[in-house]
């Protein structure tokens, strides 16, 4: 009985080693960027500004604190936000489909009806 169980367990282990992983669905870059935009929009403003200060600093831009942020017009189909720093600098942050962001110096894409704050 023990030999039968051991043989069956060995067969299962070998079968598992030879199995291929399940196929991965292709990632739609636009859908992924939209999902990132929805996640950012769902954050409280303080948390969202914390994400933006990190992106701005990672881009080696001068900003010690993001005072406010608001949605901007999409850039090439990607969601965008405008972040206003405590030093008066304004940055547009474009969310990309790979979970990253591109930081643009100056507000380049205010949302319709929003005042542009450019340098």
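Derivation of every value follows stated rules applied to the coordinates shown; laboratory data play no part. From a predicted model like this one, the values you see are computed outputs, not experimental measurements. No Cβ is skipped: glycine too gets one built from the backbone with ideal geometry, and neighbour counts run over all protein chains shown.
Scanning the stretch 78-101 for residues that are over 17 Å from residue 39 (Cβ atoms) and either under 16 Å from the mean Cα position of the chain (by Cα) or in a loop (DSSP other than H, G, I, E, B) (or both) returns 82, 86, 87, 88, 89, 92.
The set of residues in the stretch 39-53 being out of contact with any strand residue (DSSP E or B) (no Cβ under 8 Å at 6 or more places or on another chain) and either assigned to a helix (DSSP H, G or I) or surrounded by 12 or more Cβ atoms within 10 Å (Cβ to Cβ) (or both) consists of 39, 42, 43, 46, 47, 51. A Cβ distance below 7 Å, combined with a sequence gap of six or more or placement on separate chains, defines the contacts here; from the stretch 36-47, residues that are touching a residue at least 24 places away in the same chain (Cβ under 8 Å) reach no residue that is loosely packed, with under 14 Cβ neighbours inside 10 Å and part of a helix (DSSP H, G or I). When the stretch 54-68 is filtered for residues that are part of a strand (DSSP E or B) and surrounded by fewer than 22 Cβ atoms within 10 Å (Cβ to Cβ), the ones remaining, listed by number, are 67, 68.
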